[in-house]
Each structure stands twice: as structure tokens, then as C-alpha cells.
1. So residue A:120 fits all but one of (1) under 26 Å from residue A:23 (Cα atoms); (2) more than 11 Å from chain B (Cβ to nearest Cβ); what number is the exception?
2. May I ask you to verify whether residue A:160 is under 23 Å from residue A:511 (Cβ atoms) and part of a helix (DSSP H, G or I)?
3. When you check residue A:311 against the structure, is it at pLDDT 90 or above and more than 14 Å from chain B (Cβ to nearest Cβ), yes or no?
4. So in the stretch A:269-298, with the set limited to residues that are more than 23 Å from residue B:80 (Cα to Cα), surrounded by fewer than 16 Cβ atoms within 10 Å (Cβ to Cβ) and under 38 Å from the mean Cα position of the chain (by Cα), which one is farthest from the other protein chains (Cβ to nearest Cβ)?
5. Considering only the stretch A:378-393, state which residues are buried (at least 21 other Cβ atoms within 10 Å of the Cβ) and closer than 20 Å to residue A:475 by Cβ.
6. Please indicate, with yes or no, whether at least one residue in the stretch B:2-20 is part of a loop (DSSP other than H, G, I, E, B), facing chain A (nearest Cβ under 10 Å) and modelled with pLDDT of 90 or more.
7. Please work out which residue is modelled with the highest pLDDT, limiting yourself to the stretch A:670-712 and to residues that are part of a loop (DSSP other than H, G, I, E, B), farther than 30 Å from residue A:433 by Cα and in contact with a helix residue (DSSP H, G or I) (Cβ under 7 Å, 6 or more places away or on another chain).
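The values are calculated or read from the model by the stated rules, or taken from the named source; none is laboratory data. Because the structure is a prediction, the values reported are computed rather than measured. Virtual Cβ from ideal backbone geometry, glycine too; neighbours counted across all protein chains shown.
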């Protein structure tokens with residue numbers, strides 16, 4: 001049997017970093033409370049023993065308050081790990097030891113890891129680790145700087161020591177007086193009950209009963225332990241009579257006294273003032289007046305970073321995949337004698353056009369995720385939640401709900417899971433609901449393509465306004481629900497820890513970027529690949545009689561066109577009632593980035609014959625060009641990064657700073673790729689005129705923004721919130737998307 | 001911008017003033033938690049986060065609307081909504097009295 005060790009600790013103490021360093025597994029780390037929402041497992045080799053390491057969600061205590069804490073508690077209580085590695089923030093020792101004290105009450109051996117000792121010593125805090133270990137009955141105390149993988153070897157040794165020789169006696173908070181006596185009596189009564197002893201440690205259960213722990217009381221009620229529950233209630237009453245305080249408060253008080261005494265003997269503080277650098281930054285960042293502008297500036301920078309800085313790489317990948325690779329594949333197929341066969345068509349027009357059309361956006365996503373990761377790891381995200389608390393109240397939510405919403409800008413799926421950090425069921429459902437309106441990374445490619453096609457250099461405006469529309473619809477939905485479904489309900493209480501500011505570590509940022517982009521790449525290689533293949537088949541099969549034969553049918557006569565055409569009248573009032581638009585929306589339910597893939601397949605596949613014939617270049621020349629192009633893109637990225645400064649300052653009225661232009665390239669005015677040209681044609685046809693075509697494109701983008709998030713997000717919501725809520729959500733998003741798109745087109749028409 | 005805060009860590013004697021909600025404690029002032037009103041779960045959560053009766057809190061931000069920021073157990077920082085701070089009853093310790 002392998003030894004199982006659990007990793008527990010408060011949210012945001014660097015548990016995941018230590019887990020990663022120990023197991024080498026990839027896992028997400030962030031600097032806002034509540035990252036690990038499910039337990040993660042990894043393997044670790046110490047000497048010749050293989051150890052199973054389980055990373056539990058962050059918990060402030062073992063009271064069952066949020067879902068994460070329930071997961072953590074149930075794991076330690078029922079799975080009984082050999083030992084718990086308790087990761088403790090050395091810069092916030094006293095509060096962090098509260099959880100450790102509770103784990104010790106479970107009679108589970110503990111190894112204390114003093115993490116973030118660098119932050120502590122920067123503040124001048126001196127912790128005597130040896131003394132802490134002595135005072136805690138000799139349990140191992142290891143100092144690490146999770147950030148730099150220091151102290152991992154001693155930690156492995158400590159794990160080895162504890163698994164080989166489990167300590168016999170564990171230090172615990174001493175409960176004295178009436179409380180102690182009642183607790184002992186209750187524990188004795190529990191000890192006589194073999195069923196309970198099999199599941200719980202008697203003294204711990206006695207503590208929980210006196211604390212009136214909801215989950216435990218419910219579980220015992222279900223087991224019919226009425227006698228014990230009555231005894232506990234009687235004990236509570238006697239304690240309250242004798243001390244004029246309730247048992248729960250007394251327990252916490254004595255636990256904190258135990259910790260307070262410990263900390264007093266091991267912690268040395270240099271300064272008489274409690275203020276830290278983080279507090280000084282917070283004075284400005286959470287300021288009543290400056291807080292909101294600073295937040296908006298941050299969001300603007302993120303946006304600039306994502307759209308402009310990534311653009312050169314986007315162009316490069318586009319050229320490489322849809323030009324170079326496409327050409328190579330064609331040449332290769334011809335060389336082996338498969339040119340002009342259905343297989344060649346499937347590979348180039350189906351798979352490369354479909355999957356490639358989506359892969360092009362990897363640079364955009366990388367930059368978006370990098371920006372989000374830096375904000376999270378630095379600690380700013382928690383402050384943003386603080387500043388946004390006032391705004392969130394309009395929707396009947398509080399600041400903490402803002403965190404899942406901003407995760408939604410990356411991807412709706414983790415946003416839905418991130419709602420687990422919220423304590424209140426109503427808050428969770430509502431936040432999950434609204435998170436779908438936050439424009440996720442997969443929708444971005446759609447705006448990018450349409451923006452470039454219809455608005456050229458002003459495409460940024462389309463993209464930015466889509467984000468704003470999403471936020472506005474979320475606000476309006478929350479506001480409406482507050483006065484209808486949730487009428488008269490108070491928003492849940494707002495309590496959130498503000499972690500100290502930290503410099504994000506590049507490796508952690510990279511890990512997050514990579515992990516999220518990996519999810520995207522997996523989707524590209526599975527869902528999108530499958531959709532592309534099926535789509536190609538449906539486009540190769542004739543949908544009308546006498547329209548042609550397999551792989552020799554005009555796109556508008558294909559099975560896919562006929563099926564999509566049946567749906568398209570619904571979208572006529574919104575100006576995009578073409579089969580191409582409807583078809584891509586249908587496939588877009590699989591994943592929204594598929595919309596672009598589908599359009600590439602429809603339009604590029606269709607137009608490929610008419611594509612300009614490029615002069616043949618040798619293989620070597622093409623590779624050279626690709627490498628050169630990559631270098632150029634890197635330089636342009638630096639240029640755009642520098643340009644954020646003048647662009648931001650230029651927001652001030654009357655200021656016009658010049659922007660950098662390394663290669664002296666004039667902004668390309670019109671450079672429509674095949675896809676863009678075909679898009680313009682299609683939308684102009686369905687809307688009626690050139691001006692209306694652009695309007696219909698906006699309406700289409702609004703629909704893409706608002707309608708049902710992808711299949712995966714719907715599955716996540718079903719898992720978290722149940723069938724009814726998910727169905728309501730799907731219906732609502734479809735209705736809102738359709739109404740909004742029709743409004744945009746019909747109202748816009750009046751002005752054109 | 002307000003003048004910079006200077007909150008001493010130590011307080012000399014146990015305060016014995018009237019009970020008042022944490023909301024009423026001004027920025028820069030220290031208080032001792034006496035009692036937490038409200039349902040068990042809310043109270044338990046505040047205790048878990050370090051606001052147990054008997055604990056010292058320092059108010060770092062209180063703008064008379066919107067959430068407050070308080071320091072707990074010396075090194076922890078909590079953001080608390082006003083519906084939360086109304087429930088935490090404390091005895092305030094004026095800053096002048098606590099010079100070490």
C-alpha cells in the first residue's frame with residue numbers, strides 16, 4: 001500500500017507551488033484566495049518509497065463553511081491520510097496556525113511547512129522554527145520559500161521521518177474548566193459507540209458537537225444518534241449557564257489562546273507598527289476615489305496587451321499555418337499521388353482550414369492568460385474585488401463574486417468552478433450565470449476576424465465594445481434578478497482575505513499560461529478536429545438532388561448548407577440570415593472558436609480555387625522566411641509593448657504622443673485575406689447592402705458573445721448547479737442573444 | 001489623500017469602554033472584539049479568519065460606505081462588507097492612549 005500524504009493550508013499560502021515543486025506536476029497557482037477547488041494528486045519518491053501526495057483545497061478552518069472546506073475536512077476525517085503537510089504562511093503565522101491546531105485535534109500527524117519565509121523576513125519577522133517544533137511536541141517544522149523551491153529536501157526528509165515513525169503524542173489546544181469537563185464526558189460517550197468510533201476521532205467529534213457544526217449534526221441525525229445529540233445540547237446549555245458564553249466561542253477562544261502562546265514564544269517582531277508596504281499600496285489602490293480609475297486603467301492595459309501586443313504573432317502564425325503549412329501539405333499530397341483526391345480535400349480544406357483557423361489565435365490567448373496570471377499572482381485581483389464590491393452590489397452580489405467573473409474573461413469553464421469559493425448557494429448560481437456573459441478567450445477570435453474584415457484598423461473598437469456589451473448584459477441581468485427572482489434577499493456577507501502583494505514568479509505565470517492554452521490545444525485537437533471532419537463531410541455530400549456528387553458539390557448545395565439554411569430565417573431580422581452564418585453558429589455550440597474554423601472551411605474551401613497563385617519558393621526559402629517572420633514578429637511585439645505607454649497617455653484629451661514604428665511600415669489599409677473578403681461578401685448579401693453588411697456583422701458578433709457558452713461550459717454548469725438552472729440559463733442566453741442581435745440590426749438600420 | 005497611518009502593535013491595558021459595532025471604529029484606531037451577532041455560520045467564519053472575541057483588530061480603511069479593511073492577528077488583512085462589520089461588537093481603544 002502506498003503512503004498517502006495530504007497537503008493542507010489556508011488559501012493562498014503557496015500550497016500549489018510546493019505541490020508542484022514536490023511532484024513536478026503542472027497545477028495552477030495564484031495569489032487570490034481560493035484557487036484549488038478540487039483536490040489534485042501527484043506522486044513523490046522519497047528514498048525508495050512512493051508516496052501519494054494529495055493537494056487539498058485551501059481552507060481557513062475545518063468548519064464546513066464553503067464547498068472547498070468541506071472537501072478538505074471530509075478528506076482528512078474519512079480518508080485518514082498518514083500525515084498532513086500543513087503549509088503555513090510565515091508572514092501571517094498566528095492566523096494560519098488556527099487550521100493546524102484543528103488538524104492536530106483530528107489526531108493526524110502533522111508536518112508544518114513555514115512557507116513564504118522571504119516575505120516574513122522582508123518585514124523583519126523572525127521565526128524560531130526549532131523552538132516552534134519543540135513547543136509543538138517535536139513535530140517537524142520545515143522552512144521553505146515555495147517560490148524558489150528552497151527547503152524541499154528537508155521537507156522530503158520530514159515526510160520520510162513521519163511516515164516511518166509516526167509521533168505518539170500530538171500537541172493540542174487544552175480545553176479547561178467546564179468546557180474541558182463536558183468535552184471529555186461527551187468524548188467518553190462517543191468512545192462507547194463502535195459505529196461512530198469507526199468514522200470519527202471521539203474527541204474531535206465531541207468538539208464539533210459542542211461547536212454545533214451543521215454538517216456533523218445533520219450526519220448524526222441521519223444516523224439516528226438522537227441520544228448523543230441530546231447529550232451535546234444539554235452540555236452546551238450547562239456550559240452557557242456556567243460561563244455566560246456559548247461553547248463555540250469558548251472553543252475558538254481557547255484554541256486561539258493555545259496558538260497565541262505558541263506564537264509569542266517563537267515570533268519576534270522588530271517594529272511597533274503593524275503597517276507593511278502592502279498596506280501603503282492599498283491606501284492608493286483601494287482608495288475611495290482613485291480605486292476605480294486605477295482598476296479601469298489596469299483593465300485597459302490588459303486589453304492593450306492582449307489585442308495589440310499579440311497582433312504581430314497572430315499575423316505570423318496565420319501566414320505560417322494557412323500559407324506555408326497549407327502549401328506544404330498540398331505539395332506533399334501531390335508528390336505522393338494523392339493530389340486532387342477527396343483525401344487531399346479533407347486534409348487541406350477540412351482539417352488544416354478548420355483546426356488551423358483556430359490555432360491562429362494561440363498567441364492572443366497566451367497574452368491574455370499572461371495578463372490575467374500576472375494580475376492574480378501579484379495580489380491585485382483581490383483588490384479589484386474590493387474596489388468592485390460597490391458595483392457588484394447593484395447585482396445583489398458582493399466583491400468576491402467578481403473573481404469568477406474576471407476568470408470568465410479567460411474561459412467560462414474555470415469561472416463556473418471558481419464560484420465554489422463563494423459560500424452562498426444563491427451567490428454561486430447567480431455568479432455562474434453572469435460569468436457566461438463575460439467574453440471568454442474563445443469568442444475573441446470571432447471579433448478579431450470580423451473586426452479586421454469590416455472595420456480594418458478600427459477593429460479594436462469592435463472588440464472592446466463586445467467586452468462592454470457583455471458586462472452591460474451581465475449587469476442588467478443581475479439587476480433584473482435582484483428585483484425579481486431574488487427580491488427581498490440580502491446579499492451574502494462579504495469577507496475576503498487580502499493577500500500581501502508579491503512579485504509574480506515567471507515560472508508560475510508561464511505554468512498558468514501553458515496550462516490554459518493546453519486546454520485550448522486539446523480542444524483544437526479533439527473537438528475542433530472532429531467538428532472540422534464532420535463539417536467537411538457534410539459539405540462534401542450534396543444536399544439537393546442533381547446538385548453534384550461526393551466531393552464535387554458547390555458549397556451552397558451541400559448537405560450542411562441545406563440543413564443550416566432551414567434555421568437561417570430565424571436570423572433574418574438580425575441581418576445575418578445566411579446559411580453560412582447559421583451553420584457556424586450551430587457548430588459554435590461545440591466551442592465558440594469553431595465559428596471561425598467553420599467559416600474558414602466554408603469560405604476558404606470554397607474560394608481556394610480562386611486563390612492567387614503564389615510564386616513557387618523552394619522549401620529552404622520558405623523555412624527561412626518563416627524564421628525571419630518570427631523574428632520580425634518578436635521585434636514588433638516589443639514595439640507594441642512600448643507603444644502601450646504613448647497610447648495610454650494619448651487617452652488624455654489634447655495629448656498626442658507619437659508611437660514607435662521600428663520598421664517604418666505604414667499601417668496596412670486594406671489587406672483582406674480570403675476569409676475576410678468572403679465574409680464581407682456573405683454579410684452584404686444577407687443584409688442587403690454594404691453599410692448594412694457591417695451592421696449585420698456587429699449583430700452577429702453580439703449574438704456570438706451572448707448565446708449559450710460552449711458545450712463544455714454547459715456541462716460544467718450542469719455539474720455545479722443542476723439541470724433546471726442550466727436549462728434556464730441556456731434558454732435565457734439564447735433569447736437574450738437573439739433579442740440583442742435583432743435590436744442592434746433594426747435600431748442601427750434607422751441610423752444608416 | 002489622508003495622512004499616513006501609524007498604528008502601534010501593542011496596547012497597554014485592556015479597554016473597558018462601551019460596546020459599539022466595528023463600523024463605528026475610525027481608520028487608524030484599534031479595537032478589541034467582544035461579541036459577534038448573527039447566525040452561527042457567519043460568526044464561525046469571522047472566528048476562523050481571526051476575529052474571535054478577545055482578538056485585537058486595527059482598522060486600516062473605513063470610508064463610511066463600502067467595505068472596510070482591518071488587520072487581524074497582526075499580519076492578516078481582511079476586507080469586510082459593512083453588513084458584516086455591523087455585527088462585530090468591539091470596544092475601541094483610542095490611539096493616543098496606546099503609545100508604547
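1. (2)
2. On the way: under 23 Å from residue A:511 (Cβ atoms): no; part of a helix (DSSP H, G or I): yes.
When the stated conditions are applied, residue A:160 does not pass them.
3. Details: at pLDDT 90 or above: no; more than 14 Å from chain B (Cβ to nearest Cβ): yes.
So residue A:311 does not fit the description; no.
4. A:297
5. Those that are buried (at least 21 other Cβ atoms within 10 Å of the Cβ) and closer than 20 Å to residue A:475 by Cβ: A:381, A:384, A:385, A:386, A:387, A:388, A:389, A:392.
6. Taking the stretch B:2-20 first, the residues part of a loop (DSSP other than H, G, I, E, B) are B:2-7, B:9-19.
The next check asks that each one be facing chain A (nearest Cβ under 10 Å); those that pass are B:2, B:4-7, B:9-10.
Filter once more, so that each one left must be modelled with pLDDT of 90 or more: none.
No, the stretch B:2-20 contains no residue that is part of a loop (DSSP other than H, G, I, E, B), facing chain A (nearest Cβ under 10 Å) and modelled with pLDDT of 90 or more.
7. Step by step, filter the stretch A:670-712, then rank; the result is A:672.
Yes/no per residue for (1) more than 27 Å from residue A:708 (Cβ to Cβ); (2) touching a residue at least 60 places away in the same chain (Cβ under 8 Å); (3) not assigned by TED's automatic domain parsing to the domain that holds residue A:400:
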residue	(1), (2), (3)
A:452	no, yes, no
A:455	no, yes, no
A:526	no, no, no
A:531	no, yes, no
A:539	no, yes, no
A:548	yes, no, no
